[in-house]
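Asker: One structure coming up, written as C-alpha cells, with questions to follow.
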Ligand code: PEP
Ligand code: MN
C-alpha cells in the first residue's frame, strides 16, 4: 500500500501507478478527502516498498498483511475519514446509512400474480427492497428449480415481472445469479445482484458479477470462516466494485441429533465484520432458522448485534409456497418485525466502531 502526500500531483500518482503495473500488479487508487492511497492488487510480496517510499509525492509505502485490505477499515481510513462506513445506493434506497433496510419477498418467484401480491404485501409492511429467486440453488434436481430452471424465455419473463413489480411498488429488486452464463441476462433487470451462499467460493463468478458495476448482495457460505468470507469479498473489490452488502445467513450446526434450526445464525459475525471492514452487513434470519416461529427473535437479535438490515422470505400464504414455505412469514408478521427492529435500532443509536 502506498500513501501519497496530501499535496501529491496527478503526475506523481500516475508515476506510482505505472511503476506498480510494471511489476505485473494492478493498482487500486482511492482518492479520498485527505489524500490518495494506492493499493497493490496481486502478489505484492516482492514489491520493492523501499523504492516506492523514495518516489516523489509518496508519504509512506508498506505492505498490508490482511488478505482483504481493499475493504478493510485500516486501508479505507487512510484515504477517507476517521471511521468510514460504506453507504450503498440501490434505486432510491441507501444500505448502510442511518436507517435500517428491509429486503423481503418470496423465496422463489412462481407466477406474476404470486409475485405482485407478495410485493404489495411487503411494501405495505414497510419493506424497502423486493427479493425473489429465479435461478434457485436446490439440493435435489427433482425439486422445483425456480422459473430460471426452464427455458431462457421463462427466465426472462420472470425477470420482467420482478422489474415491473419493483417499479410498480417503488422498490429496488434483488435476485440471485447462480452461474456465469446468467450474468448478462440478469444484470439488465435488477438493482442488486445476489450471490448465494453456495457460490461464495466461485471466484470467476464473483469477478464477472463485480464487473457489472452493480451493487452486490454477497452471502457467507455456511462453512466459511469470517476471514475466508472477507478474503473472497476482496475479489469483487479488486474489480473496483465496493458496492457489496455482506450477508450472514447461518453456518453449519454442531453435533449430532436434532439441531432445531436449519443453520446456526452467527450473530458475532456482525460486529466482527463491521470492525474489520467498512461494508454494510445484513442478516438473513429465514435461511438461518429454517422455521418461521424463530424469525422474529433472530431478526431482533440481528439488529441488536448491529446489522444494518434484514432479508426475510415472505408469502401471503406460506403453506402454498413451492420452496421454503416452512420459513416464510406473512406480510402482517413482517410489519411487526420491522416496527420492533426499528425500535431496537432507535434505542441502540448510531453504532460506535472503536478500532
Ligand atoms: C436465497 O436467499 O434465496 C438463498 C438460497 O439463500 P442462501 O444462498 O443463503 O442459501
Ligand atoms: Mn429460500
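The values are calculated or read from the model by the stated rules, or taken from the named source; none is laboratory data. As the structure is a prediction and not an experimental result, all values here were calculated from the model. All Cβ positions, even for glycine, are placed from backbone atoms using ideal geometry, and neighbour counts span all protein chains on display.
Asker: Take residue 246 and decide whether it is in contact with a strand residue (DSSP E or B) (Cβ under 8 Å, 6 or more places away or on another chain), over 19 Å from residue 100 (Cα atoms) and either touching a residue at least 60 places away in the same chain (Cβ under 8 Å) or outside any loop (DSSP other than H, G, I, E, B) (or both). Before the answer, list the steps.
Answerer: Numbers: in contact with a strand residue (DSSP E or B) (Cβ under 8 Å, 6 or more places away or on another chain): yes; over 19 Å from residue 100 (Cα atoms): no; either touching a residue at least 60 places away in the same chain (Cβ under 8 Å) or outside any loop (DSSP other than H, G, I, E, B) (or both): yes.
For residue 246, the condition - in contact with a strand residue (DSSP E or B) (Cβ under 8 Å, 6 or more places away or on another chain), over 19 Å from residue 100 (Cα atoms) and either touching a residue at least 60 places away in the same chain (Cβ under 8 Å) or outside any loop (DSSP other than H, G, I, E, B) (or both) - is not met.
Asker: Additional query: If we keep just the residues of the range 303-345 that are more than 22 Å from the chain's Cα centre (by Cα) and within 11 Å of ligand 2 (Cβ to nearest atom), which is nearest to residue 118 (Cα to Cα)?
Answerer: Applying the first criterion (more than 22 Å from the chain's Cα centre (by Cα)) to the range 303-345 yields 315-323, 325-326, 329-333, 335-336, 339-340, 343-344.
Now drop any that are not within 11 Å of ligand 2 (Cβ to nearest atom), which leaves 315, 321-323, 325-326.
Details: 315: 6, 321: 11, 322: 14, 323: 15, 325: 13, 326: 16 Å.
If we take residues in the range 303-345 being more than 22 Å from the chain's Cα centre (by Cα) and within 11 Å of ligand 2 (Cβ to nearest atom), then 315 is nearest to residue 118 (Cα to Cα).
Asker: Now for a separate question. Considering (1) at pLDDT 95 or above; (2) more than 14 Å from ligand 2 (Cβ to nearest atom), say which one residue 110 fails and leave the rest.
Answerer: Going through the list (1) at pLDDT 95 or above; (2) more than 14 Å from ligand 2 (Cβ to nearest atom), residue 110 breaks only (2).
Asker: Give just the number: which of (1) at pLDDT 95 or above; (2) assigned to a loop (DSSP other than H, G, I, E, B); (3) more than 18 Å from residue 247 (Cβ to Cβ) does residue 140 not satisfy?
Answerer: (1)
Results for (1) away from ligand 1 (no atom under 14 Å from the Cβ); (2) surrounded by fewer than 18 Cβ atoms within 10 Å (Cβ to Cβ); (3) free of Cβ contacts under 8 Å to residues at least 60 places away in the same chain, shown as yes or no for each residue.
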residue: 184; (1), (2), (3): yes, yes, yes
residue: 191; (1), (2), (3): yes, no, no
residue: 197; (1), (2), (3): no, no, no
residue: 215; (1), (2), (3): yes, no, no
residue: 233; (1), (2), (3): yes, no, no
residue: 237; (1), (2), (3): yes, no, no
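Asker: Just the residues that are touching a strand residue (DSSP E or B) at 6+ places or on another chain (Cβ under 8 Å), touching a residue at least 12 places away in the same chain (Cβ under 8 Å) and over 14 Å from residue 310 (Cβ atoms), please, taken from the range 92-109. Working first, answer last.
Answerer: Keep residues of the range 92-109 that are touching a strand residue (DSSP E or B) at 6+ places or on another chain (Cβ under 8 Å), which gives 93-96, 100-109.
Add one more test, that the residue is touching a residue at least 12 places away in the same chain (Cβ under 8 Å), and what stays is 93, 95-96, 100-109.
Within the range 92-109, 106, 107, 108, 109 qualify.
Asker: What are the residues in the range 108-134 that are part of a loop (DSSP other than H, G, I, E, B), surrounded by fewer than 24 Cβ atoms within 10 Å (Cβ to Cβ) and within 16 Å of ligand 1 (Cβ to nearest atom), if any? Let's see the steps before the verdict.
Answerer: First, the residues of the range 108-134 that are part of a loop (DSSP other than H, G, I, E, B): 109-111, 126-128, 132, 134.
From what is left, the residues that are surrounded by fewer than 24 Cβ atoms within 10 Å (Cβ to Cβ) are 110-111, 126, 128.
Selection gives 110 alone.
Asker: If residue 175 satisfies every condition in (1) closer than 21 Å to residue 309 by Cα; (2) within 12 Å of ligand 1 (Cβ to nearest atom); (3) surrounded by fewer than 21 Cβ atoms within 10 Å (Cβ to Cβ) but one, which is the exception?
Answerer: (3)
Asker: When residue 214 is evaluated against the numbered criteria (1) touching a strand residue (DSSP E or B) at 6+ places or on another chain (Cβ under 9 Å); (2) assigned to a helix (DSSP H, G or I), which criterion, by number, is the only one it fails?
Answerer: Failed condition: (2).
Asker: Taking the range 9-33 as the region of interest, how many residues are in a helix (DSSP H, G or I) and exposed (fewer than 12 other Cβ atoms within 10 Å of the Cβ)? Let's see the steps before the verdict.
Answerer: Just the residues of the range 9-33 that are in a helix (DSSP H, G or I), to begin with: 10-22.
Applying the additional criterion that residues be exposed (fewer than 12 other Cβ atoms within 10 Å of the Cβ) yields 10-11, 18, 21-22.
Residues in the range 9-33 being in a helix (DSSP H, G or I) and exposed (fewer than 12 other Cβ atoms within 10 Å of the Cβ): 5 in total.
Asker: Of all residues in the range 174-208, count the ones that are closer than 20 Å to residue 129 by Cβ, outside any helix (DSSP H, G or I) and more than 16 Å from ligand 2 (Cβ to nearest atom).
Answerer: 6
Asker: Can residue 241 be described as modelled with pLDDT under 95 and away from ligand 2 (no atom under 16 Å from the Cβ)?
Answerer: Values: modelled with pLDDT under 95: no; away from ligand 2 (no atom under 16 Å from the Cβ): yes.
Criteria not met by residue 241.
Asker: While we're on this one: Counting only residues that are within 13 Å of ligand 1 (Cβ to nearest atom), crowded, with 19+ Cβ neighbours inside 10 Å and either within 18 Å of the chain's Cα centre (by Cα) or over 22 Å from residue 317 (Cα atoms) (or both), how many does the range 136-172 have?
Answerer: Total meeting the criteria: 2.
Asker: Here is a follow-up. Filter the range 71-91 for residues that are touching a strand residue (DSSP E or B) at 6+ places or on another chain (Cβ under 7 Å) and closer than 15 Å to residue 172 by Cα; which is nearest to ligand 1 (Cβ to nearest atom)?
Answerer: That would be 90.
Asker: For residue 286, work out the one condition from (1) more than 14 Å from ligand 1 (Cβ to nearest atom); (2) more than 30 Å from residue 29 (Cβ to Cβ) it doesn't fulfil.
Answerer: Looking at each condition in turn, residue 286 falls short on (1).
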